[in-house]
Amino acid sequence: MNSKRINSIRLILLTTWVISVLFSYYYFYTTYNRHAVDELGSKATIAAISLKHQVNFEEEETERLLSLDFIELLKDESNLSFEKKAREIMSVSDIKYIYVQKILPEEKVKYYVTEENAAYYGAPPGTPLNVIYYLDAVVDDETRLEDTEGNWYVDEDRYTVLKEDLLQVYENKEEKVFINNDEWGSYLSSYIPIISENGNVEGVICADLFLDRLFMFTNDNLYIIGGLSVGNLILLFLVLYLINKKRQVDLRLEETLMVSSTDFLTKVLNRKRFMDILNVKYETAIKGNLKFSFVFLDIDYFKEYNDYYGHQAGDLVLYKIGKILRKITERFSGITGRYGGDEFTMAFLGVGEEEIQKIINDIFENLELLKIKNEFLGPDKIQTVSIGAATLNLENPSTVDELISKADEALYLSKKEGKNRGHLYNGIEMKKIKRF
């Protein structure tokens, strides 16, 4: 084995290793990440549901809270009570925010996205801030100051743009857990719809969980992921080794099968292998009610050709004609075999009377293009063949032996009428094949 080939194998192995490790990290990291989302998201969902049952969401109280500006809301008794209960939950969890959002009707929209804050909201100028926080709790006051960079809120901070996730909760009336990216940061959020007695969504109670906790949960498993990656690599090498060994065995079996099923001289199927495949294809045609055709081909005056030119020249004719038949049958997904001596057979599944006539004409044309001289027939004469074919009558199907017998009769008729022609039995009558 030369050094160039060795280097190529090394490059393939290295590339395989890198792809294997990257795939393993990606697969297991995303798997653990999904499990983390499920586990931590359920915590946020439980917290939101628990608080939902402790808060007064009556219409009159809701309208009063909506009428307040943000500073007034944060000082209001209802919001302070909400925040107290929320902080009790947040103190024993990784939740940073619990709040209630509501979509505002168009006439109650107070603010719109401007050119200055378009990037902040991730929306084009003119987009309405039509979602309001009408109850709002943060894990502690220090976090509020941190979020506002040491300042306190302005009224506009109480409003935001409508996102697809909130809209889905409104429309589907079902809870949703997702990675939430907004002006306040990135969180694992759980949204729970608040549904009134008449079935309307009055708002959505939301819980936002620290996203770094999600990453921590996943990163804790990186050692496991690394170990699995190494195991995956070892397994990959083992699989590649077994695949290579199997390929070697398959090649040997294929070579053995090829030798045992192929005619050495013409490279078409030998008679036994042809008949085995023929029977399978015929059964498929019968069960599936499919068209089926069988063909006999005989080289005209072949004995005389051998006597005149010698057996070596005769073998070359057999090979050339076998090559033509292989090419044509492969194009129509058929099979061809050497039936014996100078006689070939072909079979086609899904090919009926019209198509088989075209195939036979194709054989005649290809043979004429070869221009194999046969002076035994006369000056400037070329080698010819006689053909007999039979197609399956789907309304009254014959047996495979009957089909072969009819093709043999058609071949006999072609020879009797002067050779270099073909006849076809279509399941009803014997017809001469028209030469195009």
Among the residues of region 292-302, is there at least one that is polar (S, T, N, Q) and in a helix (DSSP H, G or I)?
no
Selected residue (criterion: nearest to V351 (Cα to Cα)) from residues of region 303-333 that are in contact with a Leu (Cβ under 8 Å, 6 or more places away or on another chain) and outside any loop (DSSP other than H, G, I, E, B)
L325
Go through Y170, Y134, Y120 for me and flag whichever is part of a helix (DSSP H, G or I), touching a residue at least 60 places away in the same chain (Cβ under 8 Å), hydroxyl-bearing (S, T, Y) and closer than 18 Å to L66 by Cβ.
Y170
What is the one condition in (1) of a type in the set (F, W, Y); (2) in a loop (DSSP other than H, G, I, E, B); (3) modelled with pLDDT of 95 or more that F264 does not satisfy?
(3)
For region 137-167, the count of residues that are touching a Lys or Arg at 6+ places or on another chain (Cβ under 7 Å) and either over 23 Å from F82 (Cα atoms) or not assigned by TED's automatic domain parsing to the domain that holds Y121 (or both) equals 1
Only one of A389, A407 that is in a helix (DSSP H, G or I), buried (at least 18 other Cβ atoms within 10 Å of the Cβ) and in the same structural domain as Y309 (by TED's automatic domain parsing):
A407
Can you tell me which residue is nearest to L290 (Cα to Cα) among those in region 410-435 that are surrounded by 15 or more Cβ atoms within 10 Å (Cβ to Cβ) and charged (D, E, K, R)?
K431
Of the residues in region 311-348 that are of a type in the set (K, R) and more than 37 Å from the chain's Cα centre (by Cα), the one that is nearest to F264 (Cα to Cα) is R338
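The values are calculated or read from the model by the stated rules, or taken from the named source; none is laboratory data. Remember, it's a predicted structure, so these values are computed and weren't measured experimentally. Using ideal geometry, Cβ is built from the backbone for each residue, glycine included, and neighbour counts are taken over all protein chains shown.
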